[in-house]
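One structure is given below, encoded as structure tokens.
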Amino acid sequence: MVLRSKGTLISAGVLLVTIVSVTFLLNTGSHKIDMEMSQQDTLRMKPQEHYFERNLSHYNPSEVLLPYTENTPDTVHVLWCGLKWFEFKHFLSLLSIMKVQQPSKVIIHYWDDNKVLRDRNDYNLWYSQLLDEYYNIVTRSRGPTAPDCENNTIMMENVLDILKNGGIYVNDTIVLTHHLHHLRKLPLSVGVTNKNVPVTFKTLAYLVAKKGEATSEKLQSLRGDDFSSSCAVSDSLEKTNTLPSVLPTCILIQRNIIPAKIMETKDALSQVVRLIYYGSTKVKLPDWSMDDPIPNIGHMVLLGGYEMNLLSYLSIRSMIHCVGAEAMYIYIDVEPKGQWYEKLKAEEPRAVFVYHEWPGTVFGHPISDGSHASDLMRFDLLYRFGGIYVDWDAVMLRPLGHLKGYGFVTNFDWPDWHPPYPDVINNGVSAGKKGSEFLRKSLMKFRSYNPKGDWYYMGLMMPYKLYEQYPELVKIERKLQVICYKLKCHPVFLPGYHNEKIHHLNGASFDWKEVYAFHWTQPSPPELLNMTLLQTAKGMFADVGRYVLSCDRKKTLASLVGSHQL
């Protein structure tokens, strides 16, 4: 539904609703305040610079450092009420306050029985991230028991009590696109989400007040023309790709959004969110350069003693012959056993078995789980040497080609087992340049390693959180590996990949020669554990295994020379 009012399109029921501003001067009556930039200010801007980008990085001290007589404190107050997660929309609100308003202090008020909840998989860590990054965000309890958070009257009374000595209140789902410092010179200024109804807690966007000015009587006296429409959104930002030359002072986000949805989309909302979160309106794409490509070497971790089977033999062989790796390094602490190990030693001089002790600790935390050790080692090896990492139950089918120009290359996993994570990352097949910044940040995350924690977090969830923060550091290549679970493959480049019922045997068929690797997490296909069965079996898994046996390193390298990929 679209409403037209005074030449302005307003989309009803969408993510953004119109924000309107009201300013009330107690000593001279009601006046509309023009909060847009003056024509002179606009002309002083750089030709290609949007005013919002200028406001985010430039600041005039005279707007903030007000004389004592204009004594509205430069402190922003946020009221947290309700048993709920601190989601990305709340994070954006606080982040916009810190970046746009740049206050001397932010106080988050809460009740002891209504503290910020953590989801069981630790996706919504935005609250702790804010507290870690900003020294001037403080928390303050309002008592042991929260009131009815849906009661407009009670919640408004709490806002007014918080501002009895003056200050700025901002709703926890309001994103500021323009600072409010000029309103601190006025006795009382109010921003609302609906100018046609009396001010309530639910319609209150922000409130700027001097000491003693924020009272219920004064707020309730505001009507009609007391409200200014200068902050109105001219159209739904998510319905247009053009960012308005002058944005509203504030934006209300009614439903949650996530970084993955705004990284590469071009609508105006995504541009605003990117500017607040990443510091630029530009689409976030991974950095690429072939000046220093990913080295053509492989790594595999086989700690704890291992009888090498046919699949692990095929994995190592695929790196040497299908990828054309200069060397395949297999890290062991106990020498493997079995016929396939002996065959590798006899036939593959590029398969190098390297003694590597069990990594006993990381940042002083003891490591007791093999999967944790493997996660740590793959990050460490790729960071120090660069190359391609493969798990023993994965086989490579072709060289990386242009992917070698990215700092780090990985892929999403298919299961939807970790809500509210939109996706998780599986590094069972991954590649990186030596000194990759993404790998360095991954290693630093082990500072908070919990030896009793779920191995999924460090291996799958933590890398995804880093990807959300630094999408320019990692390339998500959906065809890097196809992951097969219970002998059913779930290509993440096809629709519905989170649905366990959709797989290569049921609606998700694909050409296996187009992917870079296969990864059988559990169990291993019988035909890839027995050579006789492999030679006679039919089906995709047998075809893949026989293809790996047919790969020849010289032919692979010759094809790379012919295609100018070497």
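The values are calculated or read from the model by the stated rules, or taken from the named source; none is laboratory data. As the structure is a computational prediction, the values presented were derived from the model and not from experiment. So basically every Cβ, Gly included, is an ideal-geometry build from the backbone, and we count neighbours across all protein chains shown. Ligands, DNA and RNA are excluded from the accessible area calculation, which covers all protein heavy atoms including side chains. Shrake-Rupley method; radii C 1.70, N 1.55, O 1.52, S 1.80 Å.
May I ask you to list the residues in region 130-145 that are β-branched (Val, Ile, Thr), part of a loop (DSSP other than H, G, I, E, B) and open to solvent by less than 70 Å² (accessible area, probe 1.4 Å)?
Selection gives nothing.
Across region 523-562, what is the total count of residues that are free of Cβ contacts under 8 Å to residues at least 60 places away in the same chain and either over 27 Å from residue 459 (Cα atoms) or surrounded by fewer than 16 Cβ atoms within 10 Å (Cβ to Cβ) (or both)?
21
I'm told residue 69 meets every condition in (1) more than 20 Å from residue 249 (Cα to Cα); (2) at pLDDT 75 or above; (3) among the β-branched types (Val, Ile, Thr) except one. Can you identify the failing condition by its number?
So the condition that residue 69 fails would be (2).
Is there a residue being closer than 19 Å to residue 461 by Cα, in contact with a Phe, Trp or Tyr (Cβ under 6 Å, 6 or more places away or on another chain) and not small (Gly, Ala, Ser) anywhere in region 384-401?
No: region 384-401 contains no residue that is closer than 19 Å to residue 461 by Cα, in contact with a Phe, Trp or Tyr (Cβ under 6 Å, 6 or more places away or on another chain) and not small (Gly, Ala, Ser).
Starting from residues that are more than 21 Å from the chain's Cα centre (by Cα), not in a loop (DSSP other than H, G, I, E, B) and not β-branched (Val, Ile, Thr), keep the ones in region 473-496 and report whichever is farthest from residue 287 (Cα to Cα).
Checking each candidate, the answer is 488.
Name the pairs: first residue in region 114-140 and in contact (Cβ under 8 Å) with a residue 12 or more places away in the chain and closer than 16 Å to residue 448 by Cβ, second residue among the β-branched types (Val, Ile, Thr) and in a loop (DSSP other than H, G, I, E, B), Cβ to Cβ under 6 Å, at least 6 apart or on different chains?
As it stands, the answer is 127/116, since those pairs meet every condition given.
Could you list, in sequence order, all residues of region 456-487 that are over 19 Å from residue 388 (Cα atoms) and not aromatic (Phe, Trp, Tyr)?
458, 461, 462, 465, 466, 468, 469, 471, 472, 484, 486, 487
Go through region 255-302 and give me each residue that's within 15 Å of residue 475 (Cβ to Cβ) and outside any loop (DSSP other than H, G, I, E, B).
Passing the criteria: 260, 288.
Taking residue 468 as meeting all but one of (1) more than 27 Å from residue 380 (Cα to Cα); (2) in contact (Cβ under 8 Å) with a residue 60 or more places away in the chain; (3) open to solvent by less than 30 Å² (accessible area, probe 1.4 Å), write down the number of the exception.
Tallying (1) more than 27 Å from residue 380 (Cα to Cα); (2) in contact (Cβ under 8 Å) with a residue 60 or more places away in the chain; (3) open to solvent by less than 30 Å² (accessible area, probe 1.4 Å), residue 468 fails exactly one: (1).
Kindly check whether there is at least one residue in region 472-488 that is free of Cβ contacts under 8 Å to residues at least 40 places away in the same chain, of a type outside the set (S, T, N, Q) and over 26 Å from residue 408 (Cβ atoms).
There is at least one residue in region 472-488 that is free of Cβ contacts under 8 Å to residues at least 40 places away in the same chain, of a type outside the set (S, T, N, Q) and over 26 Å from residue 408 (Cβ atoms).
Please go through (1) part of a helix (DSSP H, G or I); (2) open to solvent by 50 Å² or more (accessible area, probe 1.4 Å); (3) touching a strand residue (DSSP E or B) at 6+ places or on another chain (Cβ under 9 Å) for residue 384 and return the number of the only condition it doesn't satisfy.
Result: residue 384 passes all but (3).
Scan region 432-458 for residues that are among the hydrophobic types (A, V, I, L, M, F, W, C), at pLDDT 95 or above and more than 17 Å from residue 471 (Cβ to Cβ) and jot them down.
443, 444
Do the conditions hold for residue 94, that is, is it among the hydrophobic types (A, V, I, L, M, F, W, C), modelled with pLDDT of 95 or more, farther than 16 Å from residue 208 by Cα and outside any loop (DSSP other than H, G, I, E, B)?
yes
Could you grab me the full set of residues in region 402-412 that are in contact with a Phe, Trp or Tyr (Cβ under 9 Å, 6 or more places away or on another chain) and outside any strand (DSSP E or B)?
Once the filter is applied, which keeps residues that are in contact with a Phe, Trp or Tyr (Cβ under 9 Å, 6 or more places away or on another chain) and outside any strand (DSSP E or B), region 402-412 yields 402, 403, 405, 407.
Hey, any hits in region 279-288 for a residue that's at pLDDT 90 or above, under 24 Å from residue 431 (Cα atoms), crowded, with 20+ Cβ neighbours inside 10 Å and not basic (Lys, Arg)?
No: region 279-288 contains no residue that is at pLDDT 90 or above, under 24 Å from residue 431 (Cα atoms), crowded, with 20+ Cβ neighbours inside 10 Å and not basic (Lys, Arg).
Within region 382-400, identify whether any single residue is at pLDDT below 95 and more than 30 Å from residue 513 (Cβ to Cβ), and answer yes or no.
No, there is no match, as no residue in region 382-400 is at pLDDT below 95 and more than 30 Å from residue 513 (Cβ to Cβ).
Out of everything in region 520-566 that is polar (S, T, N, Q) and under 26 Å from residue 426 (Cβ atoms), what residue ends up being modelled with the lowest pLDDT?
Going through the qualifying residues, I end up with 565.
Hey, can you tell me all the residues within region 339-373 that are touching a Phe, Trp or Tyr at 6+ places or on another chain (Cβ under 7 Å) and open to solvent by 60 Å² or more (accessible area, probe 1.4 Å)?
Of everything in region 339-373, those that are touching a Phe, Trp or Tyr at 6+ places or on another chain (Cβ under 7 Å) and open to solvent by 60 Å² or more (accessible area, probe 1.4 Å) turn out to be 343, 363.
Considering only residues of region 102-129 that are in a loop (DSSP other than H, G, I, E, B) and open to solvent by 50 Å² or more (accessible area, probe 1.4 Å), which is farthest from residue 425 (Cα to Cα)?
Looking at residues that are in a loop (DSSP other than H, G, I, E, B) and open to solvent by 50 Å² or more (accessible area, probe 1.4 Å), I get 104.
Would you confirm whether any residue within region 406-419 is open to solvent by less than 10 Å² (accessible area, probe 1.4 Å) and polar (S, T, N, Q)?
yes
Collect the residues in region 331-356 that are within 11 Å of residue 313 (Cβ to Cβ) and touching a strand residue (DSSP E or B) at 6+ places or on another chain (Cβ under 6 Å), keeping them in residue-number order.
338, 344, 351, listed by residue number.
Which one of 225, 235, 172 is of a type in the set (Asp, Glu) and at pLDDT 90 or above?
Just a single option satisfies the conditions, and that option is 172.
Are any residues in region 388-400 open to solvent by 10 Å² or more (accessible area, probe 1.4 Å) and not in a loop (DSSP other than H, G, I, E, B), and if so, which ones?
none
Which of the residues that make up region 65-87 are surrounded by fewer than 20 Cβ atoms within 10 Å (Cβ to Cβ), assigned to a loop (DSSP other than H, G, I, E, B) and of a type in the set (Val, Ile, Thr)?
Correct list: 69 only.
Would you check which residues across region 505-522 are open to solvent by 10 Å² or more (accessible area, probe 1.4 Å) and touching a His at 6+ places or on another chain (Cβ under 8 Å) and list them?
Of everything in region 505-522, just one residue is open to solvent by 10 Å² or more (accessible area, probe 1.4 Å) and touching a His at 6+ places or on another chain (Cβ under 8 Å), namely 510.
Of these, 213, 150, which one is among the acidic types (Asp, Glu) and in contact with a Leu (Cβ under 9 Å, 6 or more places away or on another chain)?
Matching residue, one of 213, 150: 213.
State the number of residues belonging to region 329-378 that are part of a helix (DSSP H, G or I) and either touching a Leu at 6+ places or on another chain (Cβ under 7 Å) or within 24 Å of residue 457 (Cβ to Cβ) (or both).
Within region 329-378, residues that are part of a helix (DSSP H, G or I) and either touching a Leu at 6+ places or on another chain (Cβ under 7 Å) or within 24 Å of residue 457 (Cβ to Cβ) (or both) number 10.
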